[in-house]
Structure formats: structure tokens, C-alpha cells
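Trainee: My questions all concern the structure below.
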Amino acid sequence: MKHSNHHDYGRSVGPRLEAVRFELIHPTATTICVAGTFNDWHAEANPMHLLGDGRWLTEMVLPAGTYEYRLVVDGQWTADPLAKESVPNPFGGRNSILKVASSSAAAHLADAEHLPLKTQTK
């Protein structure tokens with residue numbers, strides 16, 4: 001086996017982080033934050049930024065995994081209307097589910113999991 005003389009001592013040994021984007025259109029909101037299992041449910045930890053025309057956005061990086069979260073709109077906790085999945089929470093509402101894949105290929109496979117199978121015809 002051949003070894004390279006080039007070493008990357010700056011490489012992280014922790015889990016690979018993936019970029020995640022949260023978006024919401026809410027024309028009347030004055031503040032929106034994202035709270036979930038990724039930030040110990042801290043309501044102000046991840047504020048969204050108003051881009052104009054009621055469009056809110058925030059981005060963060062997370063390790064691959066499955067997370068539960070909610071949006072906090074002007075102090076009111078709500079499920080993300082754009083989330084594909086949700087689960088009941090102990091407060092009578094629903095938590096949105098975020099699945100972070102470890103690569104774009106893994107994300108593609110996760111999305112394909114929900115597509116119907118095609119049958120071959122000759």
C-alpha cells in the first residue's frame with residue numbers, strides 16, 4: 001500500500017455536518033425562530049431572518065440524523081407547514097420531523113424511498 005506524504009492535520013474527526021435550510025412565508029410575523037432537539041428546544045437559539053415579502057429563512061449545519069423541531073412565530077409554537085413528516089408531542093401538538101442525510105446521494109435515496117416502484121414491461 002502506498003502512502004501519501006501529504007497530511008491533512010486540519011481535518012475534523014467528528015461527524016460530518018450537513019447544511020440545512022428552514023424557510024417559511026409568514027407576512028405578519030415579527031420574529032420566527034427554530035427550536036428542536038438539535039438545540040435543546042431553546043426558542044431563541046436559531047432565529048430566522050426576514051428576506052422581504054414575508055419570506056423568512058435560516059440555515060444551520062447539523063450532523064446526519066433525525067430531529068424533531070417546531071417553529072416559534074411571535075412566541076407561539078407551531079409545526080412547520082412545509083415538513084413532510086410530524087409526530088405527536090406531549091403538549092397536544094405535533095413536532096415536525098427533520099431527517100438530515102449524510103450526503104446528497106443519501107438524501108436522494110431517502111426521498112426515493114417514498115416513490116412507488118416501477119414495473120418493467122416487455
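Just so you know, all these numbers are worked out from the coordinates, no wet-lab data involved. For clarity, every value in this text was computed on a predicted model and none was experimentally measured. Quick reminder, even Gly has a Cβ in these numbers, built from the backbone with ideal geometry, and neighbours come from all protein chains shown.
Trainee: Residues of the range 49-74 with amide nitrogen under 11 Å from the 7 Å Cα-to-Cβ point of Asn89?
Mentor: Counting only backbone N, you get 68-73.
Trainee: Enumerate the amide H contacts of Ser86 below 5 Å, restricted to partners 5 or more residues apart or on another chain; note that Pro and chain-start residues carry no placed amide H.
Mentor: Ile97
Trainee: Cβ under 10 Å from His49's Cβ, His49 left aside: what net charge do those residues give with Lys, Arg +1 and Asp, Glu -1?
Mentor: 0
Trainee: Quick query: amide H of Met48 versus all other amide H atoms, modeled in the peptide plane; which residues come in under 5 Å with a sequence gap of 5 or more or a different chain?
Mentor: Amide H neighbours of Met48, under 5 Å, 5+ apart: Ile32, Cys33, Val34.
Trainee: Could you give the distance between the Cα centres of the range 21-57 and the range 65-106, to the whole Å?
Mentor: So the two Cα centres are separated by 13 Å.
Trainee: Distance in nm between label sites at Asp74 and Thr58, each 7 Å beyond Cα in the beta-carbon direction?
Mentor: 1.8 nm
Trainee: Here's another thing I want to ask about it. If you rank Met48, Met60 by fewest surrounding Cβ atoms within 10 Å, what's the result?
Mentor: Met60, Met48
Trainee: Moving on. Might you report the magnitude of the Cβ-based charge dipole of the range 17-112 about its Cα centre, with Lys and Arg at +1 and Asp and Glu at -1, to the nearest 20 debye?
Mentor: It comes to approximately 140 debye.
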